[in-house]
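Below is one structure; the comments refer to it alone.
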Amino acid sequence: MTGSTPRGTANEQAAAQWVRGMFGRIAPRYDLLNHLLSFNLDKRWRARTVARVAGILDRPDARVLDLCCGTGDVLLALEARARRAVLGSDFCHPMLVEARRKIAARHFRTGLLESDALALPLADASLDLITVAFGFRNLANYQRGLEEMLRVLKPGGVAAILEFSQPPNATFRALYGFFSTSILPRIGGIISGSREAYLYLPESIRKFPGAEQLAEEIRHAGFSHVEFERMTGGAVALHLGQK
Ligand SMILES: C[S@@+](CC[C@H](N)C(=O)[O-])C[C@H]1O[C@@H](n2cnc3c(N)ncnc32)[C@H](O)[C@@H]1O
């Protein structure tokens, strides 16, 4: 398990730069495409993630970070549920601009950090919960991403990683593969104006570890009580681990 390797990038720095640039270009259309291309299932996946960590959000003193928050859909759901203001972070400025607009529209006090998930400007052992939705797969180094989460989590703190995955059923996997490699890049390309972004998406999903392997890597990084649940036939998986 190394990290995201977009085509044409030779090292981690180039991969991170490519990912940041690509999200910057699609930021204004990102939400629309998410909902459209997932048939609105993304809302359900995010809601389930928030429901799974509700016990932590209910604590009045819980410090929560939504990593790779993008345009902020998970962030807003966490903020709506949490008892104190939550934080979001992302290294792509245009995605954070969209998030800021949505936060302002809801009159929330959510904090935003423009920072790399591999080098967070946060103290050791300062957070009770980190969520990361569809961001982890894009990191240039998964191991370092997990280590950084462990560093900033308090002992007992929880990481919740929502990501695309490979459906275990061969027929569904084939159908999903056809949709994501043949249909999704066309629609995504037309609406976003960036076909490369929607070619990268299925390729990055294909290269990403399956749910069992990812659980093993999370354990190997040092998390305990690692578990996962598949959603939508395994097209998506939510992994939880505790420091
Ligand atoms: C697919 S979007 C997900 C956004 C949001 N979490 C959601 O659920 O819609 C992935 C996000 O991860 C961010 N990202 C990728 N690598 C990152 C890194 N190393 N540090 C910070 N953000 C990163 C991208 O800028 C992008 O906004």
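Read-outs throughout are calculated quantities, based only on the coordinates presented, and are distinct from any laboratory measurement. The shown structure was predicted, so the numbers you read here are calculated from the model rather than taken from an experiment. All Cβ positions, even for glycine, are placed from backbone atoms using ideal geometry, and neighbour counts span all protein chains on display.
Restricting attention to region 58-81, which residues are surrounded by fewer than 23 Cβ atoms within 10 Å (Cβ to Cβ), within 15 Å of Leu127 (Cβ to Cβ) and of a type in the set (A, V, I, L, M)? Listed by number, the list holds a single entry, Ala62. Taken over region 129-148, the criterion of being surrounded by 19 or more Cβ atoms within 10 Å (Cβ to Cβ), of a type outside the set (Val, Ile, Thr) and more than 11 Å from the ligand (Cβ to nearest atom) is satisfied by Leu129, Leu146. Contact map, region 218-243: first residue assigned to a helix (DSSP H, G or I), second residue surrounded by fewer than 16 Cβ atoms within 10 Å (Cβ to Cβ), Cβ cut-off under 6 Å, separation 6 or more or different chains; pairs are Thr232/Leu41; Gly233/Phe172; Gly234/Pro168.
Residue-by-condition table, conditions (1) over 24 Å from Leu118 (Cβ atoms); (2) of a type in the set (A, V, I, L, M, F, W, C); (3) within 16 Å of the ligand (Cβ to nearest atom); (4) in contact with a helix residue (DSSP H, G or I) (Cβ under 6 Å, 6 or more places away or on another chain):
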{"position": "Pro60", "(1), (2), (3), (4)": "yes, no, no, no"}
{"position": "Asp73", "(1), (2), (3), (4)": "no, no, yes, yes"}
{"position": "Ala85", "(1), (2), (3), (4)": "yes, yes, no, no"}
{"position": "Ile103", "(1), (2), (3), (4)": "yes, yes, yes, no"}
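Of all residue pairs spaced 6 or more apart or on separate chains, those with beta-carbon atoms under 7 Å, a first member in region 69-81 that is on the phi < 0 side of the Ramachandran plot and a second member that is among the basic types (Lys, Arg) and assigned to a helix (DSSP H, G or I) are Thr71/Lys102; Asp73/Arg46; Val74/Arg46; Leu76/Lys102; Ala77/Arg46.
Residues are listed down the side, and each one gets a yes or a no for (1) over 16 Å from the mean Cα position of the chain (by Cα); (2) surrounded by 15 or more Cβ atoms within 10 Å (Cβ to Cβ); (3) within 13 Å of the ligand (Cβ to nearest atom); (4) more than 21 Å from Glu12 (Cα to Cα):
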{"site": "Leu150", "(1), (2), (3), (4)": "yes, yes, no, no"}
{"site": "Gly157", "(1), (2), (3), (4)": "yes, yes, no, yes"}
{"site": "Thr171", "(1), (2), (3), (4)": "yes, no, no, yes"}
{"site": "Pro185", "(1), (2), (3), (4)": "yes, yes, no, yes"}
{"site": "Gly222", "(1), (2), (3), (4)": "yes, no, no, yes"}
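The numbered conditions (1) in contact with a Cys (Cβ under 8 Å, 6 or more places away or on another chain); (2) more than 17 Å from Lys43 (Cβ to Cβ) are all true for Leu75 except (2).
Filter region 205-217 down to the residues that are part of a helix (DSSP H, G or I), in contact with a strand residue (DSSP E or B) (Cβ under 9 Å, 6 or more places away or on another chain) and surrounded by fewer than 17 Cβ atoms within 10 Å (Cβ to Cβ) and list them by number.
Glu212, Glu216
Among the residues in region 10-21, are any within 23 Å of Leu127 (Cβ to Cβ) and buried (at least 21 other Cβ atoms within 10 Å of the Cβ)? Yes. Out of everything in region 97-121 that is within 16 Å of the chain's Cα centre (by Cα) and assigned to a strand (DSSP E or B), what residue ends up being surrounded by the fewest Cβ atoms within 10 Å (Cβ to Cβ)? So, considering only residues that are within 16 Å of the chain's Cα centre (by Cα) and assigned to a strand (DSSP E or B), the one surrounded by the fewest Cβ atoms within 10 Å (Cβ to Cβ) is Glu114.
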